[in-house]
Structure formats: structure tokens, C-alpha cells
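Below is one structure; the comments refer to it alone.
Laboratory data are not the source of any read-out in this text; all were calculated from the coordinates shown. Because the structure is predicted, anything quoted here is derived from the model rather than measured. When we count neighbours, we look across all protein chains shown, and the Cβ atoms used for this are built from the backbone with ideal geometry, even at glycine.
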């Protein structure tokens, strides 16, 4: 393709050169002949200069047009406006140039027509007639004077005596204003040849006439008279002859003069046209180059490249435009950097707050969710959700859309929402805020998990109930127990019928046993209502778990107990005794849940958690926990056991809350339940202490007990 393009360019240039050479050779100078060799060289130099200028300008113009065509064909930026500017400038130049050529050609034709019109021809004819009359008059005078002198007796006497002086002839010539006269013998060749004829000298503008001298019918001699035109008329006669000859030649070359003049005008017009084309290209480049650079810069900016700058040189308003564009992009880059900083700051806030955030656009599509919502909702793919239906059930999503419609009218709408999952029921406080009131421009959905808050409120309420119930029951319980003991002692002192004695003793014993049971229940109520404050110390969680598991040695009959303690765990700040109670309570519940199971496996393990935390996992293979039970599991006085008080897990939740720890319950695979306690790691300010503690950490312990 490139080779074909070069061949085409070479062919066009060759055709232009040949055309110009032929055109230059067509300039004919007619009968012009230089008078000196220097003029020949000057004429050749001028012709060569004209030819070279024509070829150069033609090549430049052809290059301009060809480059515009190639750029426009290739879709180069700025080629269209550059083409329009060049073509517009050439069109504006063409009109006055054509008008100039036509006007000059018209004036030249009118001038030539005036030169060769009838009056001019008559003037030239009259001038020629006057010149001829003057010559005729001079000839006639010369002949008349010659005949007059030939008829004088003195002339015949002079012929007969040729040695006699002729002063009378000079006097006669002066008197008659004759230029010169000579008397010649009869045998003179000039006299014989000039009888009755005239001879003229074009160099001196003089005429010669001869007349015979007759005697007795015979020619004895001749008189020759030279008559000269007056000196004041000689130059005028020469000019008249030269002008007449030139005019006659111009008349013959009139058509050629018109053609040459038209060619000269065409050459001037082409020169102006070529120069105009080059200037138009130059000016178009001055305009289109900054515009093309601005277009490319705009495309780069549209792609997000705000660091792009226009480096092209521009002047006047275009220079101001380029400078303004560079300042604008610099400001945009600074603003984008500032917005990016604010965005990162906002994202950091959204990712760090414990409240779930959902950004919804005007069409209801989910734009963004934060980390808290991902941790709050149990299903996978929360961060990649695009619709509310991907996050919530159909009923819950419809409820949130209803809140969005309310928020569009009022600006803000709130409502409690119970979200049922496979694990538990979440009590959520949902608040929807419209970006713009009364306009559908987007919404921000704020979701807060109030399950722990509700549980804490219920726990606090049950604690107060337990305190009052324990106080009210404990007061009459002591007299009842004392009275039952007195009845038993009384039966030992008196004699009753056997049946009555046995019945009385059984009743008294039952009263004492139930009183003791009620007393234990009252003690648990009292303990739940006023649990002692935690006294945390930095310790190893594995040691606390191992100490708690020692309590169950030999007690878990028919249960396979697996203890896995992960080494290298960070230290924790906890109350060891209270955490032992937490572990013992969880293990007791797990063991009791597996009473009706065929495979009874209890696994207790520790592992690193997320965000500098440590986890304790207690998993069983029992009957499991239903979703409704999971939601109420940590409330006081709720129990899945027939004789349970419902205070064990409530106490566990209370202890963990004091340690800023958390607990979650999940389904174990393939069956059973799994309790996970997450404890924050203790902050160790000194690295040396951290290293010392790390050296004392126990290695992995795996124990299998079978009882």
C-alpha cells in the first residue's frame, strides 16, 4: 500500500513537471532578439526562475491538497476543519483572482482594439501620406532645379569649356536653396542612368535628380542636383517610419500578443493562488493544531486521564483557550484527588461502623453495601448483590421498598423488621433516607441489628424480676422448712398409727426436699440478679479451657470428648473463674443435648479469630436447635430442657458481655449445634513481653476421652 502510494505521488509530480515544461516552452517571444549576450543570459535566468517558482509552488500546492486528502481519508483529528479552512480560503482567493484576470484581459483587449480601430488607421495613413508628399515634393524640386540649370546658357558654355571655374553655379544654388548641383559630361554613367530618375539616401534622407543638357538636339552633358529634406524634419521622418513599421508588426502579431498576455495573467493568477493556498494551509495549521490538540486532550480527559496537558504552541485567543484547558484539567485533577480522599475517608467510615449501610439508586438497584451488613446477613454474595431481593426475602424486600416510597415523600422513614434466617431471627431497625426529598434520585438504607440490645433489655428486666421473686420467696421459705423439720422431730416423740406416722413423715420429708429445691432456685435467681463484677487478668485462653475441662474427667459417660487447643494464640484479658463457668455451662448443655443421640461426639477447640480475636468452639452431635429457639436461647428462664431453669445461657451471655466478648450459635454438620465464643485479644504494649508470653504458650493439645 505504501509503495503504491509513493508511485502515485511520483506519477503526479512527473505529470505536473512535464505540463509546466511544455507550458514554459509555449512562451514565444516572436521577433525579439537580444541586442547583447548579457540580455540573453538575463532572459534565460528570468525564464528559469519563473519555471522553478512555478514547479515549486505547484509541488507545494499539490502536497497541501494531497496531505489534506490523506488526513481526511484517515480520519485524523483536525483534518476536517483544516480542509474547510483551506478550501474556504482558496474559494475566497479564487473569486478576486478570476475577477482580476478577466478585468485585465478585458482592458488589454479594449486597448488593443482601440489601437487597431479605424481612426488610428486613418492617422497612420495620413502620416504616411504626409511623409510621401514631403518626399515627392523634394524629388520634384530636385528635378525642376536640374532641368532649370540644364537650360541655362552658362551651363552649355561650361560643358564646352570644362576647365572654366563655376562660381556662378554656387551662387545660383544658394539663391535657389539647392543642396548641391554638378555639371557632368555626356559620357558620365551617373548622368546617363539618372535622367528622369531619383535616387534617395536613407541614411541622410536626401534625393538626387539628373537632367540632360541639350544643344542642336544632341545631349552634350547633364546636370545632377542633390536635394536634402530639412534637418528639422529628418528625425520626425525616421520616427514616423519606425512607428509605422512597429504598428504594422503589432497588427500582424495582435493574436499572439493577446495569447501571451493571457498566459502572463494566468501565471500571475496561479502564483497568487498557490501562495494563497500555502498561506491558507499555514493559517489553518495555526488554528487546527491547537483545536486538534484540544480534541485529543478532551478524549483523554473523557477516559479519566486528568494528567494530560496540551503542549502545542498557540497564540491569541487559542493560546488563552489552551492555557484555560490546562488549568481546568489541573483543577479537575486536584478536585478528583480531593474527592478520592473524601471517598476513601467515607468508605473507611462506612466500613468501620457496626451499622449496615445499603446505597440504592433511583431504579432500586443496589450500588454498595458495607462490611457490617455483610457480617450481619448470613447468606453469601452480600457484597456483590445488585438487588434488594438478593439480600432479603420477597416480603422483607417489599417492606423496604415501602419505606423507600415513604422516604421519598417525607425524607426519612423507619421501622422494625424481623429477619428470619436459617440460624436465627434478627431484630433489625431499618431507616431509609432519601437523597433528595420528593425526587427519585436514590436512597440510603441504614440497618442496625438490635437483637443484642433487645436481649440485654430482656435480661435486665428478668434480672429485676428474679431479684424481686427471690426476695419474696425467700422470706416464707425459711419458716416452711423449719416447720417441716419440727413435724419430723414431733413424730419421733409421739406415737401415731403406723399409716398416719408414715404419711406424716413422707409429707414432712417432701416439704423439706422441695423447700431445698426452691431454695436452690432462689439462690440461682439471686446469683443471676447480682453476678459479681469481672476481674480480668492477662492469661492464656488454652490454660483456662484445659482447667475447665478437668472438671469433666470421668463424668461424661458414653460421650467421646475431643479437645483441640491451637498453639500460638494471643493472650486474652479475662476473669478465669467466670470463663471456666462459661465453658462448663456450654459443655453441660452440649452433653445433655446428646442424651438421645446414637453418635455422641463433643468437640471443644480454640482457634484464631478475625480482627485480633480468639475463638472457643463447643460443638455437639445432638438434636440441634431450631431457628425460633436460637432467637430466645440466651434469654432468662428460657430452656429446652424439661427441668432446666433457663438461667445458664443467660449467665453465659452476661459474663461474655462484661468481657466485650460475643457468642453465636450455628448448626453443626452433619447434626447438632455449635457455639462459638469470640474473645478479643489483650493488648501487649511491649514487644519483649509479647515474645516472652509467646515462648510460654502451650503447644497443640488433642485429647480423646471415652467414659
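Contour minus end-to-end for residue 95 and residue 480, with contour as 0.36 nm per residue of separation and end-to-end as the Cα-Cα distance? The partial results should precede the final answer.
Working: separation 385, 0.36 × 385 = 138.60 nm, distance 13.02 nm.
Between residue 95 and residue 480, full extension yields an extra 125.6 nm.
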Arranged by the count of other C-beta atoms within 10 angstrom, fewest first, what order do 261, 106, 402 take? 106, 402, 261
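Mind checking the full-extension length gain between residue 611 and residue 336? Use 0.36 nm per residue of separation minus the Cα-Cα distance, one decimal, nm. Spell out each step's value before the answer.
On the way: separation 275, 0.36 × 275 = 99.00 nm, distance 3.21 nm.
In short, 95.8 nm is gained.
To make sure I understand, if each residue's beta carbon is the centre and we count other beta carbons within 10 Å, what order do 426, 488 fall in, fewest to most? Show your work: numbers first, answer last.
On the way: 426 18, 488 15.
So the ranking, lowest neighbour count to highest, is 488, 426.
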What FRET efficiency would be calculated for the residue pair residue 108, residue 367, taking the C-beta separation as r and a Förster radius of 56 Å, to the nearest 0.05? 0.10
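What full-extension length gain, to one decimal in nm, is calculated for residue 397 and residue 286 as 0.36 nm per residue of separation minus the Cα-Cα distance? All intermediate terms of the calculation are to be shown ahead of the outcome.
Working: separation 111, 0.36 × 111 = 39.96 nm, distance 6.16 nm.
My answer for the length gained is 33.8 nm.
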Cα gyration tensor, the range 326-367 - rounded (a/c under 1.5), prolate or oblate: oblate
Efficiency by 1/(1 + (r/R0)^6): what FRET value for residue 538 and residue 375, r their Cβ-Cβ distance, R0 = 35 Å, to the nearest 0.05? 0.80
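Using a Förster radius of 56 Å, what is the FRET efficiency between residue 84 and residue 129 based on their Cβ-Cβ separation? Nearest 0.05, please. It would help to have the intermediate numbers written out before the result.
On the way: r = 66 Å, r/R0 = 1.19.
After rounding, the FRET efficiency stands at 0.25.
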Computed label-point distance, nm, for sites residue 440 and residue 499 using a 7 Å Cα→Cβ extension: 8.7 nm
Per-residue Cβ contact counts at 10 Å, fewest first, order 678, 592 as 592, 678
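How do the peptides 607-615, 288-296, 85-93 rank, highest first, by the average count of neighbouring beta carbon atoms within 10 Å per residue? Write out the running numbers ahead of the final one.
Values: 607-615: 14.4, 288-296: 18.9, 85-93: 16.3.
Ranking the peptides 607-615, 288-296, 85-93 by packing returns 288-296, 85-93, 607-615.
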Distance between modelled label sites at residue 264 and residue 321, nm, 7 Å Cα→Cβ extension: 4.5 nm
Modelled label-to-label distance, residue 518 and residue 63, 7 Å Cα→beta-carbon offset: nm? 11.8 nm
